[in-house]
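No value in this document is a laboratory result; all are computed from the given coordinates. Since we're looking at a predicted model, the values are computed, not measured. With ideal geometry, Cβ positions are generated from the backbone for all residues, glycine too; neighbour counts draw on all protein chains shown.
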């Protein structure tokens, strides 16, 4: 009976990996001189109407072209987000992808982050668009420790359960928001090299399931004789 159980569990789903359709995941566009290092110094650029893929939700955010590639892990440009100040809210950017959520998808979002202040970081959220409403289904806060402050480090957001059924067929989105566990004002972080992997689980064809189950049953009976 144990052998048959194993066969049934193995046949419940077939997993395959797909890459999410993030646009400009390493913030290397636009490529005009406005975001290139100028005279050896770092250059800022915050016009999101010219940054493919990404939208400014609120606050202080933009691109930072590094003269020495400090903080960048793919190319020479990162995104920066700033925490709130007396004159502006916390920085947040987002991207609504063309990918439509399928069945019990699972997600793995990897990225790199640089922050100088211990306890500062980013809240990474995956959401789906339900008509005009954004519904977050996966969220995690990532902050740097004393060992990681001032250094670029990799981080990963992973789902441990399939997406809600209500998300199926909806557009997938990503939002990034600056955070600081001490609520300090004007603290900045750099983000780069976002990679979204999607594990897709699909049920095999009924005929295939039946054929394999019959074969497993025959083998089990022979073993029990």
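Quick notes
- The single condition among (1) touching a helix residue (DSSP H, G or I) at 6+ places or on another chain (Cβ under 9 Å); (2) under 16 Å from residue 194 (Cβ atoms) that residue 137 does not meet is (2).
- Evaluating residue 146 against the criteria (1) assigned to a strand (DSSP E or B); (2) without any contact (Cβ under 8 Å) to a residue 40 or more places away in the chain leaves one unmet condition, (1).
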